[in-house]
Each structure stands twice: as structure tokens, then as C-alpha cells.
Amino acid sequence: MIERFERVLVVVAHPDDAEFGAGGTVAKLVKQGATVVYVVVTNGNKGSSDPTMTSERLARIREAEQRDAARTLGVAEVEFLGYEDGELEDTRALRRDITRQIRKWRPDLVITHNPHRTYNLYASHRDHRITGGAVLDCVYPLARDHLAFPELLPEYPPHKVRQVYVMQWEQPQLVVDISDTLGLKLAALACHRSQVADFPDVEARVRERAAALGRPHGYAYAEAFDRIVLPR
């Protein structure tokens, strides 16, 4: 069992990141009664090998796919910040926009990317690292402090997040049993048709990774995180 939360905010770089990194955990939190909201930072408009695809068309496709995937998991809302895929920078504007979302949705738990480069190049995509680092900066201290981003007041008052789950694949602190929600994770991933053309291969790899994470803990399938608990 994982701790119960009333409100959860998942902040990721691209459409499909939430499903790959935390889809089973999101489904589990929803089943436990949490209201989950997604914030997708970029528009995902570069992720295609189709030479006939345009960035404008791909952004529309990926937004629709993300909404379908979120609906599959029971996610209450999806917010798109619209930053350019592959060109994300840690700017004041980015930190303000993420802070606004934290103050707007007032989550107990935030789920986001690992801000560090690892040997897993897919998981530590540059946009992922920048998003993860910016989110941690916004959780503490920017979303908490009323003097940070005064232009957000009074509409978006300060908010204190209780915990952060950082998606992790190497030596995680928290392993979540998703044996009962792996099917929902896979169904949500299948919604990202522009990204998973060979879905049987993707499904096999997702199952293999989830099994490897779960096996040492006696779980059939698992997802993994580092957990940050913030002081009250």
C-alpha cells in the first residue's frame, strides 16, 4: 500500500511521460480516491520519425492522445503549458508557470521527473531533467513563499506540498506495487499511437521493466520513485 493523498499533481515534460513513468501509480492513487491532475510542460511536437509529419499537426495529435490516456487512468484534468519540445530552458517564466499550477491545484503530492542525468538516456532526456529541477524549485520554496511571483497574487495564494515522488529507475527509495493496475497503465500507453506504433514490443519492454522493479520486493510488477517528505 502507498499512502493515501487527496490531491495529486503530476508534472511531466511530454505527452506520454506520465504513463511511462508513473501510469500504474496514478491509476492506483485514483482507485484510492485521489483527484489527479496532469501538467504537461511541452507540446511534444518533435517526437516523430514520419517525414510527412509537421510540428503543428503532431502537437495536436499528441494533445488528443494525452487526453485519451489520462481519461483511461481516471485523471481529472490535463493542463498543457505549450513549451517547445526539445528546447526547454529553466527560466523564470517556466518556474512561474509551474508555480501557478501548484498553487492552483494545491496538491498534497507532486510526481515529476528525476532532475539528474543517468545512463538511462530515455528517462533522462534534457526536457525531463529541466522539468524535474524546475518542479523541485517550485515546490520549495517558490510555491510556498508569498513574496515569490507576486504577480500570481491574490488569485494563486501560496501552497505547501507534503511530498514529492521523483520517477526513478536506479536505486529507488520507494517501490510501488502496480500488479493490479499494470493493465490500466498499458491501456493508457496504447492511447499514444503516434509514439508506440509497435505496441506489442513496447508492452513487452514495459512488462519486463516493471517485473524487474517488483521482483526484489515480491511484487509481480512495480514502479519506482525517490520520495521527498517536506516539513509541515
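A few notes on this one:
- Some residue of segment 16-25 being at positive phi and not small (Gly, Ala, Ser): yes
- The lone exception for Ala210 - which of (1) without any contact (Cβ under 8 Å) to a residue 60 or more places away in the chain; (2) open to solvent by less than 40 Å² (accessible area, probe 1.4 Å) it fails: (1)
- Among the candidates Leu81, Leu73, residue that is over 16 Å from Arg193 (Cβ atoms) and open to solvent by less than 20 Å² (accessible area, probe 1.4 Å): Leu73
- Residues that are in contact with a helix residue (DSSP H, G or I) (Cβ under 9 Å, 6 or more places away or on another chain), in a helix (DSSP H, G or I) and open to solvent by 70 Å² or more (accessible area, probe 1.4 Å), drawn from segment 138-160: Glu151
- Any chance Leu88 is out of contact with any Asp or Glu (no Cβ under 7 Å at 6 or more places or on another chain) and open to solvent by less than 40 Å² (accessible area, probe 1.4 Å): no
- Among (1) touching a Ser or Thr at 6+ places or on another chain (Cβ under 9 Å); (2) among the basic types (Lys, Arg); (3) loosely packed, with under 15 Cβ neighbours inside 10 Å, the one test that Arg60 misses: (1)
- Scan of segment 99-127 for residues that are touching a Leu at 6+ places or on another chain (Cβ under 8 Å), open to solvent by less than 40 Å² (accessible area, probe 1.4 Å) and of a type outside the set (D, E, K, R), ordered by number: Thr99, Gln101, Ile102, Pro107, Leu109, Val110, Ile111, Thr112, Pro115
- The sole residue among Val176, Val166, Val229 that is β-branched (Val, Ile, Thr), under 18 Å from Ile111 (Cα atoms), open to solvent by 60 Å² or more (accessible area, probe 1.4 Å) and touching a strand residue (DSSP E or B) at 6+ places or on another chain (Cβ under 6 Å) is Val229.
- Test: residue in segment 42-55 that is touching a residue at least 60 places away in the same chain (Cβ under 8 Å) and surrounded by 23 or more Cβ atoms within 10 Å (Cβ to Cβ): yes
The values are calculated or read from the model by the stated rules, or taken from the named source; none is laboratory data. For clarity, every value in this text was computed on a predicted model and none was experimentally measured. Heads up, the Cβs are rebuilt from the backbone with ideal geometry, glycines too, and the neighbour counts pull from every protein chain shown. Protein only, heavy atoms only, side chains kept; ligands, DNA and RNA dropped before computing areas. Shrake-Rupley method; radii C 1.70, N 1.55, O 1.52, S 1.80 Å.
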